[in-house]
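These notes concern the structure reproduced below.
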Amino acid sequence: MRKPPLIASLVALWLAMLAFGQTTVASVAQDAAKLASLRNRAEAGDPNAQFELGFLYEYGVSGTPRDPAEALKWYRKAAERGDVGAKQSIAGMYFDGIGVTKDYGEAARWYGCPKPNTEALASCRAISYKDLPEGALDLLTKMKCDVSSNYDYGTAVDLNADGEPEYQVCCYDAPHGPCGARVIGKVGSAWRDLTAKEGVLGYENACGLFIVLDSRHSGFSDVCLPSQCSTVSSPTGKPCVPTIWHFIDGRYRSVEYTPAAPLK
């Protein structure tokens, strides 16, 4: 016998919910199996699995509860086996104070950078194009930077301790990747492009990946780019040595750098 429309609709809805529930249960079971397999590999000493497990706990994904302490534990195990990603993740946790007390010095050590300027890093802030002073926007226009870009973000930090920030901003859209950034600021009274020749490879919009250092050259703080392998210190990129900039002859330039022994 044909069901009345309302009953038919309710039956259809019930069947759909049942199917969805079965799919959800299956997905949960699948995630649990994958997590168990990953944990077994991590406990057996696989650094890739240890890093992945740390990532899952740090961000609380794939059914894994967010647990910074557990994330740090697995990152440390992976870092002990030389995993670069794990070292950078530990550094990021110290920089942002995730699961640990915020500590720029520890962050810099794990990144492989020299001693940081903690005061400058504490004042570093996110900005957009609308936050830039007129002279800075004029310079970007002369540099043919796309200030109408969708990548409308950057950072502001005082690099020469004059009370006025310098800016790291997106300049050129990349069709298949992040936006290339430039560092601009005042030298005397004139706004200038301060970026080192090789630029910032893959836009680093976070203060934690543009480490202002305690050392200075020509009145400007040195800078460490921990996620950018130095073409001076490690031309092949192996091992990856962080890029170090010194301000020389009116702009930043990459210099050779030997980091401290790897952290354990």
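Every number in this text was worked out from the coordinates using simple rules, so none of it is lab data. Remember, it's a predicted structure, so these values are computed and weren't measured experimentally. A quick note on method: Cβ atoms are made from the backbone with ideal geometry, for glycine too, and the neighbour counts reach across all protein chains shown.
Below 24 Å, Cα to Cα, which lysines can Lys144 reach? Residues fewer than 8 away in the same chain don't count. Output for Lys144: Lys130, Lys186, Lys197. Footprinting exposure proxy ranking of Lys197, Lys77, Lys34, fewest other C-beta atoms within 10 angstrom first, gives Lys197, Lys34, Lys77. With the biggest extent put first, the Cα atoms of the stretch 24-102 measure 39, 24, 14 Å across the principal axes. Taking Cβ atoms as reference points and 15 Å as the exclusive limit, the residues near Phe51 contribute a net charge of 0, counting Lys and Arg as +1 and Asp and Glu as -1.
Placing unit charges on each Cβ (+1 for Lys and Arg, -1 for Asp and Glu) gives the stretch 118-255 a dipole about its Cα centre, and among Trp191, Pro165, Cys224 the Cα reaching farthest toward its positive end belongs to Cys224. A simple spin-label model places pseudo-atoms 7 Å from Cα toward Cβ; at Tyr172 and Ser215 they are separated by 3.0 nm. Taking 19 Å as the straight-line reach from the Cα of Lys73, the lysines in range (excluding those fewer than 8 positions away in the same chain) are Lys87, Lys102, Lys264.
In this structure, the amide hydrogen of Asp222, modeled 1.01 Å from its nitrogen in the peptide plane, lies closer than 5 angstrom to those of Leu213, Ser215, Arg216, His217, counting only residues at least 5 positions away or on a different chain.
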